[in-house]
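Reading through the structure tokens given below for one structure.
Each value in this text was obtained by applying a stated rule to the coordinates, not by laboratory testing. The shown structure was predicted, so the numbers you read here are calculated from the model rather than taken from an experiment. For neighbour counting, all protein chains shown are included, and Cβ atoms are generated from backbone atoms with ideal geometry for every residue, glycine included.
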Ligand SMILES: Cc1cc2nc3c(=O)[nH]c(=O)nc-3n(C[C@H](O)[C@H](O)[C@H](O)COP(=O)(O)O)c2cc1C
Ligand code: SF4
Ligand code: FES
């Protein structure tokens with residue numbers, strides 16, 4: 001479901017062609033030219049990392065950390081084994097962009113990882129793929145075979161002395177494995193429970209070795225940056241928000257799908273690209289960056305541009321770029337109830353504030369939604385939230401609290417109305 | 001592959017074992033534990049669900065403690081530790097899908113199959129499960145068949161068609 005508009009990951013991909021993902025087609029689109037350039041012109045690791053920094057590319061997995069900077073943290077001269085890991089555990093509700101990269105353009109990811117391996121002196125990589133998308137995992141395995149057969153991947157790539165091995169690892173159903181250290185645990189064959197940080201993966205990662213982890217879309221943006229130059233990528237977006245980005249638009253629009261557009265595009269334009277609101281209904285609210293991002297009301301959202309800074313200024317976050325659009329018929333209490341259930345269900349249970357707190361959040365929102373709310377419940381939600389946020393091992397705790405805070409900030413009256421009704425029904 | 005022969009007979013077919021060997025080969029020689037997720041998946045595809053004997057067999061095959069395999073099988077929610085029907089149908093009801101008919105799909109299936117979530121039809125043909133976001137919300141409502149086959153745009157008509165196809 002990709003509605004390509006203009007961007008670096010899906011540039012020139014013909015989605016109608018069932019073979020568009022194949023190596024042959026990718027090469028026709030200019031694929032693997034960046035890798036050839038690096039090998040033939042003997043481009044240095046420092047030059048690649050400098051170009052990555054110039055590009056302004058920020059991690060597309062949710063946190064938006066500058067990729068060039070992350071790559072520079074890798075201790076390149078470390079004598080032992082180092083690892084490169086791709087995070088395709090796409091499970092943040094509303095996000096479905098990495099799935100389309102795997103299905104329609106897997107070689108962009110593979111080439112991006114090979115270049116990453118070269119730049120950081122890493123010889124082994126893994127791509128961790130979300131459990132529910134087995135077909136994407138199979139496609140990735142096939143694409144790897146193609147890349148090996150063509151001499152782009154494996155020993156002595158393109159006749160040079162650079163070697164890079166890459167493998168797919170299939171998850172089996174756990175949202176928490178999207179968190180990078182949980183993902184590493186899972187890759188080691190353990191329960192996906194996040195690790196304490198520090199140490200960070202750059203010093204203690206997979207099997208205790210220095211490791212760099214990036215999101216699928218981050219890696220898939222690399223070939224363009226190396227081929228066309230970091231400056232050109234930067235200029236596609238705006239300062240501090242370089243390049244184009246995939247937005248997964250779901251909910252009440254006429255054409256849900258992935259839209260790859262320049263960062264800084266007004267939300268109102270994106271909404272138009274999606275064919276506007278379904279059934280001509282009015283826009284009520286948008287969750288702009290995946291379910292963990294605080295909701296924004298229509299009037300605020302219509303003033304935003306789609307980039308990290310604008311959405312942050314409006315009090316939310318761009319996150320993974322999942323845009324969940326809700327029309328005037330949506331009950332915000334029910335919407336929050338479903339999200340709170342999700343975080344409770346997916347908490348790994350290691351930290352008491354998250355394990356117990358997410359249960360409290362869900363149960364309280366559930367009783368409000370079911371006409372059993374109590375006058376003290378909104379304060380209770382705030383207090384429980386304060387006791388989770390910032391007090392846990394990983395950011396899932398925060399992710400469970402942000403949607404609650406956003407809803408209470410912008411749609412408090414809907415919660416109050418239901419609580420008042422519940423009180424009246426009881427004759428109070 | 002494994003030289004560890006604590007279990008005397010194979011619980012899995014030669015094809016499944018060959019597939020597991022391919023998983024093991026992806027990881028460093030001293031890290032066969034990394035292959036446990038793949039091995040359990042391959043076993044479940046062959047046997048439909050995982051018994052304790054199977055989990056122990058896999059642990060022995062990989063040369064790891066049975067507890068290590070057991071905790072993985074219980075942590076990840078696509079592993080089935082109890083018998084399931086011939087076709088396990090998992091419907092996503094998370095918010096993005098719900099906005100595009102996820103609950104309509106779930107309710108239609110419940111009514112059509114005469115079962116609730118986590119139940120199996122009397123003929124053992126279908127098990128119904130509620131799922132979390134599958135990373136496919138653009139195709140909502142979505143349903144996963146036997147963990148590995150994603151079905152998009154599952155309106156009631158599409159469900160009728162799909163169920164008729166599933167023998
Ligand atoms: C609960 C939780 C879930 C996450 N899920 C994902 C995910 O599905 N995909 C992803 O790329 N990053 C996810 N992240 C972010 C990763 O921890 C990490 O920041 C990211 O993979 C780094 O890559 P990037 O810098 O290229 O974005 C998640 C983080 C948390 C706390
Ligand atoms: S915050 Fe929640 S999900 Fe993260 S480690 Fe703690 S219990 Fe696990
Ligand atoms: S919410 Fe259903 S697939 Fe994402």
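Remarks
- Calculated over chain B, the projected area of the Cα convex hull averaged across directions stands at 10.6 nm².
- For region A:174-219, the gyration tensor built on C-alpha atoms gives an oblate shape. Its axis ratio a/c (a ≥ b ≥ c) is at least 1.5, and a/b is not larger than b/c.
- Cα long-axis angle, helix A:352-369 against chain A (0 to 90 degrees, to the nearest 10): 50 degrees
- Binning the C-alpha pair distances of region B:16-94 at 10 Å intervals from 0 yields a P(r) profile of 18, 50, 24, 7, 0 %, listed from the shortest bin outward.
- Quarter of the Cα convex hull surface for region A:31-138, i.e. its orientation-mean projected area (nm²): 7.6 nm²
- Here the Gaussian network model covers chain A, with springs between Cα atoms less than 10 Å apart; of A:289, A:151, A:264, A:151 fluctuates the most.
- Each helix, a run of at least 4 DSSP H residues, gives -39500 (n - 2.57); summed and divided by the residues of chain B, these come to -12500 deg cm²/dmol at 222 nm.
- With Cα atoms, 0 to 90° folded angle of helix B:66-75 axis to chain B main axis: 10 degrees
- Diffusion coefficient, µm² s⁻¹, Stokes-Einstein with Kirkwood Rh over alpha-carbon pairs of region A:236-308 at 10 °C and 1.306 mPa s: 126 µm²/s
- Listed by Cβ neighbour count within 10 Å, with the fewest neighbours leading, B:16, A:340, A:250 appear as B:16, A:340, A:250.
- Among A:400, A:108, A:314, residue whose mean-square fluctuation peaks in a GNM of chain A (springs only between Cα atoms under 10 Å): A:314
- Ranked A:163, A:354, A:394, B:97, criterion: other C-beta atoms within 10 Å, fewest first: A:163, A:394, A:354, B:97
- When the alpha carbon coordinates of region A:111-188 are projected onto the principal axes, the ranges are 40, 25, 18 Å, largest first.
- The order of B:148, A:252, going from fewest to most other C-beta atoms within 10 Å of their C-beta, is B:148, A:252.
- Share antiparallel - DSSP beta bridges, chain A, percent rounded to 5: 45 percent
- In terms of its C-alpha gyration tensor, region A:303-377 has an oblate overall shape, because the principal axis ratio a/c (a ≥ b ≥ c, square roots of the eigenvalues) is not below 1.5 and a/b does not outweigh b/c.
- Rounded to the nearest 500, the helix-only mean residue ellipticity at 222 nm of chain A stands at -13500 deg cm²/dmol, with each DSSP H run of n ≥ 4 adding -39,500 (n - 2.57).
- Computed on the Cα trace of region A:95-148, the radius of gyration divided by the Kirkwood hydrodynamic radius gives Rg/Rh = 0.98.
- D by Stokes-Einstein for region A:183-307, Kirkwood Rh over Cα pairs, 37 °C, 0.692 mPa s: 189 µm²/s.
- Computed lengthening from residue B:145 to residue B:47, 0.36 nm per intervening residue step minus Cα-Cα distance: 33.7 nm
- For the options A:181, A:216, A:44, a Gaussian network treatment of chain A with springs between C-alpha atoms closer than 10 Å singles out A:44 as fluctuating the most.
- Considering only Cα atoms, the convex hull volume of region A:250-349 works out to 104 Å³ per residue.
- log10 of Debye I(q)/I(0), alpha-carbon scatterers only, for chain A at 0.07, 0.10, 0.12, 0.14 Å⁻¹: -0.34, -0.69, -0.97, -1.27
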